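Remarks on the structure that follows.
The values are calculated or read from the model by the stated rules, or taken from the named source; none is laboratory data. Small disclaimer: the values here were computed from a predicted structure and weren't measured. Counting neighbours? That spans all protein chains shown, and the Cβs are built from the backbone with ideal geometry, glycine included.
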Amino acid sequence: MGKMREMLTGNSAAAWGVRLAEIDYIPAYPITPQTEIIETLAKWISDGVMDTRMVTMDSEHSMITAAGAASATGVRTFTATSSQGLLYGFEMLYTVAGWRVPLVMVNVSRGLSAPITLEPDHNDILSARDSGFLQIHCETCQEVLDSILIAYRLAEDERILLPILVNMDGFHLSFTREPVEIPDMEDVRRFLPPYSPKHAFFKASQPMAQGIAVLGGPIYSYFKYQIHLACMKGLEVYKEISKEFENIFGRRYDTLEGYMTDDAEYILIMSNSFSTLGKAAVKRARERGIKIGLLKLRLLRPFPEEDLKNAIKGCKAVAVLDQNIGIGKGGILYPEITSAIYNEQKRPMLLSFIGGLGGKNISESEFDFIFDNMIKAAETGNAPPPQLLYTETEWNEMEKLKKMAGRRY
Amino acid sequence: MDTPVKSIKDIPLDEILLPGTPACAGCGGLLTLRHCLKALGENTVIVNAAGCFTLLSIYPFTPFMSSWLYTAMACAPAGAQGVRDALDILIKKGRLGSEEDLKVVVLTGDGAAYDIGLASTSGALYRNLDFYYICYDNEAYGNTGFQWSGATPFASKTGTTPPGKTVPTGTLTNKKNLFEIWRSHKPPYLATISPAHPVDLYNKFKKAEQYKGPKLFIALSPCPPGWATDPSHSVNFAKLAVDTGIWALKEAILGDVKHTLIPRKFKPVENYLKEQGRFAHLFKPIRQEETIRKIQEMVDEYWKEVGI
């Protein structure tokens, strides 16, 4: 099978990544907007195109457990979930990371209940940021496919041995068709050799206890530090692997992606598919003479602190557009970026905006509002408190809905 | 299938579970597990759920000659699914020799089996997973200090159902019938076992071996700290539970139930209750006659339905 170019949704691109990675085992559980991934894989398995065992579990909690346990036994394992499902299985995220297994899981982002919704924001995936899973966030369907291949190489590297979450936005990416290059199988095999664990497995000739209890802080701390250090090592290993990926497939994925950032005085930081909207807004602002660029966060765990510092060095103001809300504080990524640059001698003004919750559009006027605020902050040296983006039209529509719902005030 | 053993002397002397665990003195569950593993042999991987036995393997030690995976409280059967499927895949694809195969054994207490892990167990049974399940049932959340679980019997005192002025009985609910819940899935093999009856226990495991699919065991396991009993008497209480008819030793093959050990003459349940601290409030300061009678009636009713 040579390389092909097809119109694929984010979900089918994910399925293609899994197919090319020659996965042995998929424990699954349906949830919108992820289900298309496991349905596509189920069809391929049924048609005999993939030599993979798939089992539908009784919950995401069981699904992540089975996936981690299979990975600990020595097979290449994949699974996928979204939103409520990720939270339902949350306990097991920390557990399987502690098992040091190279599981790859796709999360299709979707806002968290209540109120219940289907459309995306990143409270789901960011809730897992401290779990020990590495995280790769994707803007395009091509990126989804490629990231799955990169994720297996990274997760299975003896220096890392940690699970990885590959993230894409529900609907906006999961159900949007884009042209995707499907790599040649032989090229993928060159990039991603078969998984044969030397560290952990279950077999009769060599009994092994995995995931066992510890007594005492020093032992517990030792293992937690090990997970953290292995994850941090991921920065260097990611770069090696990503270079190799570029050599074989011709596509380059840095830890962060800069768009028009080279000479930028202002930088907008975003992640995932809404970055495409941000890039369009940046391009329009450039036409108006504003020297602005966009920085897209791609590798979120480990956090590429040095790359971030370099990317925003010398600019006047940075705005972080969080597509999530840390209730009682503000955006989740804003403080991460703040802490990364706090000790720099010269640092830009740093502004915080929250938008795109539950798939809410981020309009041209909202981007312009952000840009105006950045310019003003750079001029005055005062940064406004975190701002919640909402347009007047949206407000008026909401007023009408409240009336219909019977609220008088 | 091997010929059934007739005496405890016929049970292998080899120990798979070695001494030196931090389990409480007189732990009925540990004794049960020791017998179970003699029947299962060395080539097993135990998939454990949160409970007392989580503390059997503590880094860097394990008392088992076999492998071990600790999961979490609700999902040991799901862990077993992952391990079983992975072993099957590795053997089928020629990446592991069939001599490396392992029996996958879920090990949980009653809190996991009756309550938090019931859904994941149901899933594994429904999917006909080829595994063993040993539930050490001490009739409460023992590892946290003995609180009410779905397995707690009527009138037992627990940390969360303490007898008092308004509720002198203690626990008001009846023990959940896990045997029947599991049996409704029609697993190939399902049995109750007792550490006081190792021959019956051993033969059940040996019989179960011939079946592919879920092989399930519920062991009533005396718990000296929770039951407030003398550690040296654990086997006596396990035996009394059978002799009074409170714990029926039985098996169900593809759903068909057969009792494997019926006492010739049932002892009164009072004999079982009165020596246990968890039932002491039924006897003093005031004897709760009606409650004791109700327990006896429930036991009588059970055996009447069986046809004894």
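I need the full set of residues from the stretch B:206-256 which are assigned to a helix (DSSP H, G or I) and hydroxyl-bearing (Ser, Thr, Tyr), in order please. Result: B:232, B:234. The number of residues in the stretch A:210-268 being closer than 30 Å to residue A:181 by Cα and hydroxyl-bearing (Ser, Thr, Tyr) comes to 6.
Among the residues of the stretch A:258-281, which ones are free of Cβ contacts under 8 Å to residues at least 60 places away in the same chain and either surrounded by fewer than 22 Cβ atoms within 10 Å (Cβ to Cβ) or part of a helix (DSSP H, G or I) (or both)? Within the stretch A:258-281, A:258, A:259, A:260, A:261, A:262, A:263, A:279, A:280 meet the criteria.
Whether any residue in the stretch B:218-229 is of a type in the set (Phe, Trp, Tyr), more than 23 Å from residue B:46 (Cβ to Cβ) and either touching a residue at least 60 places away in the same chain (Cβ under 8 Å) or surrounded by fewer than 22 Cβ atoms within 10 Å (Cβ to Cβ) (or both) is what I want to check.
Yes.
The residues of the stretch A:195-205 that are at pLDDT 95 or above and of a type outside the set (D, E, K, R), listed by number, are A:202, A:204, A:205. Residue pairs whose Cβ atoms lie under 8 Å apart, separated by 6 or more positions or on different chains, with the first residue in the stretch A:140-169 and more than 17 Å from residue A:270 (Cα to Cα) and the second at pLDDT below 95 and of a type in the set (D, E, K, R), are A:158/A:198.
Entry remark, the stretch A:183-207: residues being surrounded by fewer than 17 Cβ atoms within 10 Å (Cβ to Cβ), closer than 30 Å to residue B:103 by Cα and without any contact (Cβ under 8 Å) to a residue 60 or more places away in the chain number 4 in total.
Residues in the stretch A:99-128 that are within 14 Å of another protein chain (Cβ to nearest Cβ), more than 24 Å from residue A:12 (Cα to Cα) and not basic (Lys, Arg): A:99, A:101.
Residue count for the stretch A:224-251 under the criterion of being within 11 Å of residue A:150 (Cα to Cα) and either touching a helix residue (DSSP H, G or I) at 6+ places or on another chain (Cβ under 8 Å) or not in a helix (DSSP H, G or I) (or both): the result is 6. Among the residues of the stretch A:287-325, write down those that are among the hydrophobic types (A, V, I, L, M, F, W, C), within 18 Å of residue A:236 (Cβ to Cβ) and without any contact (Cβ under 8 Å) to a residue 40 or more places away in the chain. The one that is among the hydrophobic types (A, V, I, L, M, F, W, C), within 18 Å of residue A:236 (Cβ to Cβ) and without any contact (Cβ under 8 Å) to a residue 40 or more places away in the chain: A:303.
Under 28 Å from residue B:281 (Cα atoms) and either modelled with pLDDT under 95 or touching a Ser or Thr at 6+ places or on another chain (Cβ under 8 Å) (or both): is that true of residue B:157 in this structure? In short, yes. Just one of the listed residues (B:110, B:85) is buried (at least 23 other Cβ atoms within 10 Å of the Cβ) and within 26 Å of residue B:28 (Cα to Cα), and it is B:110. Considering each residue of the stretch A:233-257, count those that are closer than 19 Å to residue A:306 by Cα, free of Cβ contacts under 8 Å to residues at least 60 places away in the same chain and not charged (D, E, K, R), and give that number. Going through the stretch A:233-257 one residue at a time, the tally reaches 2. Taken over the stretch A:57-98, residues that are more than 7 Å from chain B (Cβ to nearest Cβ), crowded, with 24+ Cβ neighbours inside 10 Å and hydroxyl-bearing (Ser, Thr, Tyr) amount to 6. Within the stretch B:49-62, identify whether any single residue is touching a Phe, Trp or Tyr at 6+ places or on another chain (Cβ under 6 Å), buried (at least 23 other Cβ atoms within 10 Å of the Cβ) and touching a residue at least 24 places away in the same chain (Cβ under 8 Å), and answer yes or no. The answer is no, given that none of the residues of the stretch B:49-62 is touching a Phe, Trp or Tyr at 6+ places or on another chain (Cβ under 6 Å), buried (at least 23 other Cβ atoms within 10 Å of the Cβ) and touching a residue at least 24 places away in the same chain (Cβ under 8 Å).
A single entry from B:245, B:307, B:255 fulfils the requirement of being in contact with a His (Cβ under 9 Å, 6 or more places away or on another chain) and at positive phi: B:255. For the stretch B:185-233, the set of residues classified as touching a Lys or Arg at 6+ places or on another chain (Cβ under 9 Å) and among the small types (Gly, Ala, Ser) consists of B:191, B:194, B:196, B:208, B:226, B:228, listed by residue number. In the stretch B:87-119, the qualifying residues are those that are in a helix (DSSP H, G or I), more than 9 Å from chain A (Cβ to nearest Cβ) and of a type in the set (Gly, Ala, Ser), and the one that is nearest to residue B:73 (Cα to Cα) is B:112. Looking at this structure, is residue A:163 within 14 Å of chain B (Cβ to nearest Cβ), more than 30 Å from residue B:42 (Cα to Cα) and within 21 Å of the chain's Cα centre (by Cα)? Answer is yes for this residue. Confirm whether residue A:51 is facing chain B (nearest Cβ under 8 Å), assigned to a loop (DSSP other than H, G, I, E, B), free of Cβ contacts under 8 Å to residues at least 60 places away in the same chain and surrounded by 19 or more Cβ atoms within 10 Å (Cβ to Cβ). No.
Residues of the stretch B:32-75 that are part of a helix (DSSP H, G or I) and at the interface with chain A (Cβ under 8 Å from one of its Cβ atoms): B:54, B:55. Screening the stretch B:230-245 for residues that are among the aliphatic types (A, V, I, L, M) and touching a residue at least 60 places away in the same chain (Cβ under 8 Å) and picking the one that is nearest to residue B:296 (Cα to Cα) gives B:238. Of all residues assigned to the stretch A:37-44, at least one qualifies as being out of contact with any Cys (no Cβ under 7 Å at 6 or more places or on another chain), over 25 Å from residue B:92 (Cα atoms) and surrounded by 18 or more Cβ atoms within 10 Å (Cβ to Cβ).
Could you check, for the stretch A:17-26, whether at least one of its residues is assigned to a helix (DSSP H, G or I), within 14 Å of chain B (Cβ to nearest Cβ) and buried (at least 20 other Cβ atoms within 10 Å of the Cβ)?
There is no residue in the stretch A:17-26 that is assigned to a helix (DSSP H, G or I), within 14 Å of chain B (Cβ to nearest Cβ) and buried (at least 20 other Cβ atoms within 10 Å of the Cβ).
Does residue A:132 count as closer than 30 Å to residue B:59 by Cβ, touching a His at 6+ places or on another chain (Cβ under 9 Å) and more than 14 Å from every other protein chain (Cβ to nearest Cβ)? Yes, satisfied.
Working only within the stretch B:146-169, note down all residues that are under 20 Å from residue B:117 (Cα atoms), in contact with a Gly (Cβ under 6 Å, 6 or more places away or on another chain) and small (Gly, Ala, Ser). Once the filter is applied, which keeps residues that are under 20 Å from residue B:117 (Cα atoms), in contact with a Gly (Cβ under 6 Å, 6 or more places away or on another chain) and small (Gly, Ala, Ser), the stretch B:146-169 yields only B:149.
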